[in-house]
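The values are calculated or read from the model by the stated rules, or taken from the named source; none is laboratory data. Quick caveat, the model's predicted, so the values are computed rather than measured. When we count neighbours, we look across all protein chains shown, and the Cβ atoms used for this are built from the backbone with ideal geometry, even at glycine. Keep in mind that these areas ignore ligands, DNA and RNA; they rest on the heavy atoms of the full protein, side chains included. Shrake-Rupley method; radii C 1.70, N 1.55, O 1.52, S 1.80 Å.
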Amino acid sequence: MPTSPDSRTVTDQLVAANAEYAARFTDPGLAAAPARKVTVVTCMDARLDLPAALGLNLGDCHTLRNAGGVVTEDTIRSLTISQRKLGTTSVVLIHHTGCGLLTLTEDFRHELELEVGQRPAWAVESFQDLDQNVRQSIERVRTSPFLPHTDDVRGFVFDVATGLLREIDAGTHPGG
(Lines give C-alpha, C1' and ligand atoms only; values in the text may rest on other atoms or scores of the structure.)
Protein backbone atom coordinates (compact mmCIF):
# COMPACT_ATOMS: atom_id res chain seq x y z
CA MET A 1 0.00 0.00 0.00
CA PRO A 2 1.72 3.17 -1.24
CA THR A 3 2.07 5.95 1.27
CA SER A 4 3.03 9.58 0.99
CA PRO A 5 5.68 11.33 3.04
CA ASP A 6 3.01 12.04 5.70
CA SER A 7 2.55 8.21 6.04
CA ARG A 8 -1.12 8.22 5.04
CA THR A 9 -2.25 6.07 2.15
CA VAL A 10 -3.46 7.81 -0.99
CA THR A 11 -6.99 6.71 -0.07
CA ASP A 12 -6.58 8.28 3.39
CA GLN A 13 -5.52 11.52 1.69
CA LEU A 14 -8.54 11.43 -0.60
CA VAL A 15 -10.91 10.82 2.31
CA ALA A 16 -9.33 13.73 4.21
CA ALA A 17 -9.69 15.97 1.15
CA ASN A 18 -13.33 14.93 0.91
CA ALA A 19 -13.95 15.93 4.52
CA GLU A 20 -12.55 19.40 3.73
CA TYR A 21 -14.69 19.58 0.58
CA ALA A 22 -17.83 18.47 2.41
CA ALA A 23 -17.27 21.08 5.14
CA ARG A 24 -17.71 23.86 2.58
CA PHE A 25 -20.05 22.00 0.19
CA THR A 26 -23.35 23.52 -0.81
CA ASP A 27 -25.82 21.41 -2.76
CA PRO A 28 -25.97 23.00 -6.23
CA GLY A 29 -29.39 21.49 -6.81
CA LEU A 30 -28.43 19.86 -10.10
CA ALA A 31 -30.46 17.10 -11.72
CA ALA A 32 -28.93 13.72 -12.58
CA ALA A 33 -29.76 14.40 -16.24
CA PRO A 34 -26.96 16.43 -17.86
CA ALA A 35 -27.89 19.99 -18.81
CA ARG A 36 -26.24 19.75 -22.25
CA LYS A 37 -27.82 16.34 -23.02
CA VAL A 38 -24.44 14.89 -24.00
CA THR A 39 -22.40 11.88 -22.96
CA VAL A 40 -18.63 11.97 -23.41
CA VAL A 41 -16.87 8.61 -23.74
CA THR A 42 -13.14 8.83 -23.22
CA CYS A 43 -10.05 7.14 -21.85
CA MET A 44 -9.26 6.85 -18.16
CA ASP A 45 -5.85 8.46 -18.79
CA ALA A 46 -5.09 10.92 -15.98
CA ARG A 47 -3.80 13.53 -18.44
CA LEU A 48 -7.29 14.19 -19.83
CA ASP A 49 -8.95 17.11 -18.04
CA LEU A 50 -12.32 17.10 -19.78
CA PRO A 51 -13.95 20.05 -18.03
CA ALA A 52 -11.00 22.29 -18.91
CA ALA A 53 -10.54 20.90 -22.43
CA LEU A 54 -14.23 21.08 -23.38
CA GLY A 55 -15.45 24.05 -21.35
CA LEU A 56 -17.70 21.88 -19.21
CA ASN A 57 -19.21 22.71 -15.86
CA LEU A 58 -20.57 20.41 -13.17
CA GLY A 59 -23.87 18.99 -14.40
CA ASP A 60 -23.22 19.56 -18.11
CA CYS A 61 -22.58 15.99 -19.27
CA HIS A 62 -22.30 12.34 -18.43
CA THR A 63 -18.72 11.11 -18.61
CA LEU A 64 -17.85 7.46 -19.28
CA ARG A 65 -14.20 6.52 -18.93
CA ASN A 66 -12.40 3.26 -19.52
CA ALA A 67 -9.05 2.04 -20.79
CA GLY A 68 -8.75 3.48 -24.30
CA GLY A 69 -12.18 5.11 -24.33
CA VAL A 70 -13.33 2.05 -26.26
CA VAL A 71 -17.04 1.45 -26.84
CA THR A 72 -17.61 -1.89 -25.13
CA GLU A 73 -20.80 -3.68 -24.09
CA ASP A 74 -20.64 -1.88 -20.75
CA THR A 75 -20.26 1.46 -22.52
CA ILE A 76 -23.39 0.68 -24.56
CA ARG A 77 -25.16 -0.25 -21.29
CA SER A 78 -24.30 3.13 -19.76
CA LEU A 79 -25.13 5.04 -22.95
CA THR A 80 -28.50 3.28 -23.13
CA ILE A 81 -29.37 4.31 -19.58
CA SER A 82 -28.04 7.83 -20.23
CA GLN A 83 -30.22 8.22 -23.33
CA ARG A 84 -33.36 6.32 -22.38
CA LYS A 85 -33.65 7.35 -18.73
CA LEU A 86 -31.72 10.61 -18.45
CA GLY A 87 -32.40 12.32 -21.76
CA THR A 88 -29.03 12.57 -23.47
CA THR A 89 -29.12 12.85 -27.26
CA SER A 90 -25.47 13.42 -28.27
CA VAL A 91 -22.37 11.24 -27.92
CA VAL A 92 -18.81 12.57 -28.10
CA LEU A 93 -16.03 9.97 -28.32
CA ILE A 94 -12.53 11.10 -27.39
CA HIS A 95 -9.44 8.94 -27.78
CA HIS A 96 -5.96 10.42 -27.33
CA THR A 97 -2.37 10.37 -28.48
CA GLY A 98 0.06 8.31 -26.43
CA CYS A 99 -2.66 5.90 -25.26
CA GLY A 100 -1.44 2.84 -23.38
CA LEU A 101 -3.69 0.55 -25.42
CA LEU A 102 -1.48 1.30 -28.43
CA THR A 103 1.22 -0.79 -26.73
CA LEU A 104 -0.89 -3.72 -25.50
CA THR A 105 -2.14 -6.77 -27.37
CA GLU A 106 -4.67 -9.46 -26.60
CA ASP A 107 -1.67 -11.46 -25.32
CA PHE A 108 -2.18 -9.50 -22.11
CA ARG A 109 -5.18 -11.76 -21.37
CA HIS A 110 -3.01 -14.86 -21.86
CA GLU A 111 -0.35 -13.42 -19.55
CA LEU A 112 -3.01 -12.80 -16.89
CA GLU A 113 -4.25 -16.35 -17.29
CA LEU A 114 -0.76 -17.70 -16.70
CA GLU A 115 -0.30 -15.43 -13.68
CA VAL A 116 -3.62 -15.90 -11.89
CA GLY A 117 -4.89 -19.18 -13.34
CA GLN A 118 -7.94 -17.73 -15.04
CA ARG A 119 -8.46 -15.99 -18.38
CA PRO A 120 -10.40 -12.74 -18.14
CA ALA A 121 -13.83 -12.79 -19.81
CA TRP A 122 -13.22 -9.30 -21.20
CA ALA A 123 -11.22 -8.35 -24.27
CA VAL A 124 -8.28 -5.96 -23.99
CA GLU A 125 -9.61 -3.99 -27.00
CA SER A 126 -6.10 -2.84 -27.87
CA PHE A 127 -5.50 -1.06 -31.16
CA GLN A 128 -2.69 0.20 -33.37
CA ASP A 129 -4.51 2.92 -35.31
CA LEU A 130 -6.16 5.68 -33.27
CA ASP A 131 -8.27 7.03 -36.12
CA GLN A 132 -9.59 3.61 -37.08
CA ASN A 133 -10.42 2.82 -33.47
CA VAL A 134 -12.41 6.04 -33.19
CA ARG A 135 -14.28 5.07 -36.38
CA GLN A 136 -14.99 1.62 -34.91
CA SER A 137 -16.30 3.21 -31.71
CA ILE A 138 -18.55 5.57 -33.69
CA GLU A 139 -19.90 2.61 -35.64
CA ARG A 140 -20.58 0.62 -32.47
CA VAL A 141 -22.65 3.49 -31.10
CA ARG A 142 -24.46 4.20 -34.37
CA THR A 143 -25.45 0.58 -34.92
CA SER A 144 -26.54 -0.30 -31.38
CA PRO A 145 -30.21 -1.27 -31.37
CA PHE A 146 -30.49 -0.02 -27.78
CA LEU A 147 -29.61 3.60 -28.51
CA PRO A 148 -32.43 5.78 -29.85
CA HIS A 149 -30.18 8.80 -30.51
CA THR A 150 -27.41 7.97 -33.00
CA ASP A 151 -27.47 10.96 -35.36
CA ASP A 152 -25.19 13.19 -33.28
CA VAL A 153 -22.25 10.86 -32.64
CA ARG A 154 -18.83 12.37 -33.29
CA GLY A 155 -15.32 11.15 -32.59
CA PHE A 156 -12.06 12.92 -31.87
CA VAL A 157 -8.41 12.35 -31.01
CA PHE A 158 -7.13 14.57 -28.21
CA ASP A 159 -3.45 15.52 -28.53
CA VAL A 160 -1.95 15.27 -25.03
CA ALA A 161 0.96 17.54 -26.07
CA THR A 162 -1.13 20.42 -27.48
CA GLY A 163 -4.56 19.99 -25.89
CA LEU A 164 -6.24 20.15 -29.30
CA LEU A 165 -9.02 17.89 -30.54
CA ARG A 166 -8.82 16.52 -34.08
CA GLU A 167 -12.12 15.30 -35.47
CA ILE A 168 -12.21 11.91 -37.15
CA ASP A 169 -14.36 11.62 -40.25
CA ALA A 170 -16.47 8.54 -39.74
CA GLY A 171 -18.15 8.66 -43.12
CA THR A 172 -21.85 8.56 -43.64
CA HIS A 173 -24.25 7.24 -41.03
CA PRO A 174 -25.46 3.83 -42.24
CA GLY A 175 -28.89 4.23 -43.77
CA GLY A 176 -28.66 8.00 -43.57
Open item on the list: With equal scatterers on the alpha carbons only and no solvent term, can you work out the Debye log10 of I(q)/I(0) for the chain at 0.08, 0.11 1/Å?
Closed with: -0.32, -0.60
Open item on the list: With the crude spin-label approximation of a point 7 Å out along Cα→Cβ, what separation in nm comes out for residue 169 versus residue 132?
Closed with: 1.8 nm
TODO: Report the calculated FRET efficiency for residue 52 and residue 161 (r = Cβ-Cβ distance, R0 = 22 Å), to the nearest 0.05.
DONE: 0.90
TODO: Could you list the trypsin sites (Lys or Arg not before Pro) in the range 1-81 that lie in coil according to DSSP, counting only those with at most 14 other Cβ atoms within 10 Å of their Cβ?
DONE: 8, 47
- [ ] Taking amide H positions as placed in the peptide plane 1.01 Å from N, state which residues far from residue 41 in sequence (5 or more) or on other chains have amide H under 5 Å from it.
- [x] 64, 92, 93, 94
Task: Where 50, 14, 112 fall by accessible area, highest first, once all protein chains stay in place (1.4 Å) - done: 14, 112, 50
Open item on the list: Once you place label points 7 Å from the Cα toward the Cβ at residue 20 and residue 143, how far apart are they in nm?
Closed with: 4.9 nm
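Given the rule -39500 (n - 2.57) for each run of at least 4 DSSP H residues, summed and divided by the residues of the chain, what is its mean residue ellipticity at 222 nm, to the nearest 500 deg cm²/dmol?
Numbers: 5 runs with 57 residues, N = 176.
Helices in the chain give a 222 nm mean residue ellipticity of -10000 deg cm²/dmol.
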